[in-house]
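S.K.: Handing you this structure, nothing more for now.
No lab work stands behind these numbers, since they all come straight from the coordinates. Bear in mind the structure is a predicted one, so any value in this text is a computation, not a measurement. Because the Cβ atoms are built from the backbone with ideal geometry, glycine has one as well, and the counts that use them run over all protein chains shown.
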């Protein structure tokens with residue numbers, strides 16, 4: 001550990017640049033338009049507003065991938081006529097304990113599932129909170145073909 005800058009840092013610490021006004025606008029535009037499901041990676045910058053930001057989850061990590069598969073299947077339980085196929089992508093947002101008195105993460109998961117009666121493949125988006133002491137499917141919807149005029153519908157159940 002190295003002392004400096006008023007704190008202790010790992011010796012591999014690399015300072016990240018402040019996020020620019022343009023990046024802040026782009027981030028919030030993406031969050032508002034997609035409901036958090038389609039947000040580019042801003043991890044090269046310091047956090048927004050000092051809180052958790054929505055950012056891509058590394059699905060090459062086996063434990064991350066298994067977790068989002070499990071969360072996807074739990075969300076899909078609300079729509080019993082579909083069978084889980086695969087995760088396309090996932091974003092995560094840490095919910096800081098100080099704010100809510102519970103610790104957890106919101107997962108914004110895009111995945112494919114097959115209709116058991118027609119064999120048609122649909123792309124779904126599920127928002128699932130995973131924390132202590134609760135796990136909650138906040139929403140599940142068929143992925144919109146376009147986000148234009150969709151607004152932020154992530155808190156509405158679009159398919160059940």
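S.K.: Can you tell me the length gained on complete extension of the stretch residue 146 to residue 77, counting 0.36 nm per residue apart and subtracting the Cα distance?
M.R.: Net length gain for the segment: 22.3 nm.
S.K.: To continue, here is another question. So, in nm, how far is label residue 20 from label residue 103 when the simple model puts each one 7 Å beyond its Cα toward the Cβ?
M.R.: 3.6 nm
S.K.: Compare the peptides 82-89, 33-40 by average per-residue count of other Cβ atoms within 10 angstrom and give them in order, highest first.
M.R.: In descending order of packing, they fall as 33-40, 82-89.
S.K.: Sticking with this one: P(r) tail for the stretch 21-142, what percent of Cα pairs lie past 27 Å?
M.R.: Result for the distance tail: 20 percent.
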